[in-house]
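The values are calculated or read from the model by the stated rules, or taken from the named source; none is laboratory data. Model, not experiment: these values are computed from the prediction. Glycine also receives a Cβ, built like all others from the backbone with ideal geometry; neighbour counts cover every protein chain displayed. Just so you know, the surface numbers come from the protein's heavy atoms only, side chains and all, with ligands and any DNA or RNA stripped out. Shrake-Rupley method; radii C 1.70, N 1.55, O 1.52, S 1.80 Å.
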Amino acid sequence: MIGLHNGQNVHIMNQKLDGSTHACKTEQCAGGVGRNIAEALWRLSGGRAKLLTAVGDDADGRFLHNIAPGLILDGCFTKESSTATYATMFDKKGECAIGLGDMEVHKHISPELVNKHIEILKNAPLIVIDGNIPQNTMEHVLELSQKYQKKGKEFYCLWSMDL
């Protein structure tokens, strides 16, 4: 599993967005489609699933690590970027009014990082790629998947990406 982000939800009730500060309720949760899939597989497999990603060496990175100790592979923590975050503001109906993401850390998910964990990739029964990783890393993982004859002959993009 490659890719992740951490989430912050903000609920604002009956407020007009006029640039001023309003009281709200916030909650922090682990998120990202790729991270959520990795955690579910980790729990179902008794901790055998692994997540190759880039995480900031910060409080949010430790928060993610502590949710599923051993899920995130060694060498995935970086001091060069903060952990990816995504903030969502919901309206009174619970609909997303706006979403804001800081995903700069994803640029650290590189072919070199993948190569550091090549043995895990070789032995993995399943490789899942998140659409947030750099294109060259995605291409590298797909090439390795073919080289090591991983199951699956067709790949589908389930969402569009800005590259």
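Hey, what's region 72-123 come to in accessible area per residue, 1.4 Å probe, Å²?
Result: 61 Å² per residue.
Excluding ILE120 itself, calculate the net charge of residues whose Cβ lies under 14 Å from the Cβ of ILE120, where each Lys or Arg counts +1 and each Asp or Glu counts -1.
Taking every other residue near ILE120 into account, the sum is +3.
Report the FRET efficiency, 1/(1 + (r/R0)^6), for ARG48 and GLU95, where r is their Cβ-Cβ distance and R0 is 22 Å, rounded to 0.05.
0.05
Return the FRET efficiency for the residue pair LEU126, HIS65: r is the Cβ-Cβ distance, R0 is 30 Å, and the value is rounded to the nearest 0.05.
0.85
Given the protein chains as shown and a 1.4 Å probe, how many square angstrom of ILE72 are accessible, to the nearest 10?
Result for ILE72: roughly 20 Å² accessible.
If you take every residue apart from GLY32 with its C-beta less than 15 Å away from the C-beta of GLY32, what net charge results, scoring Lys and Arg +1 and Asp and Glu -1?
With Lys, Arg at +1 and Asp, Glu at -1, the net is -4.
List the relative contact order of region 29-119 as a percent without decimals, with contacts defined as Cα pairs under 8 Å and 6+ residues apart.
Answer for region 29-119 is 24 percent.
Roughly how far apart, in whole Å, are the Cα centres of region 33-85 and region 86-111?
What the calculation gives is 17 Å, centre to centre.
Using a cut-off of 26 Å between alpha-carbon atoms, which lysines can reach LYS147, once sequence neighbours fewer than 8 places away in the same chain are excluded?
LYS50, LYS107, LYS116, LYS122
Would you mind classifying region 92-155 by shape? Square roots of the alpha carbon gyration tensor eigenvalues, ordered a ≥ b ≥ c; an a/c under 1.5 is rounded, otherwise it is prolate if a/b is larger than b/c and oblate if not.
Taking the square roots of the gyration eigenvalues as a ≥ b ≥ c, region 92-155 is prolate.
About its Cα centre, how strong a charge dipole does region 21-163 have in debye, to the nearest 20, once Lys and Arg get +1 and Asp and Glu get -1 at the Cβ?
600
For region 94-152, calculate the relative contact order in percent as a whole number, restricting contacts to Cα pairs under 8 Å that are 6 or more residues apart.
In percent, rounded to a whole number, it is 41.
5 Å is the cut-off here: which amide hydrogens, built 1.01 Å from N in the peptide plane, fall below it relative to ALA97, excluding neighbours closer than 5 in sequence?
Answer set, sorted by chain and number: MET89, PHE90, ASP91.
Fully extended, how many nm does the chain gain between THR21 and LYS116 (0.36 nm per residue separation, minus their Cα-Cα distance)?
In short, 29.6 nm is gained.
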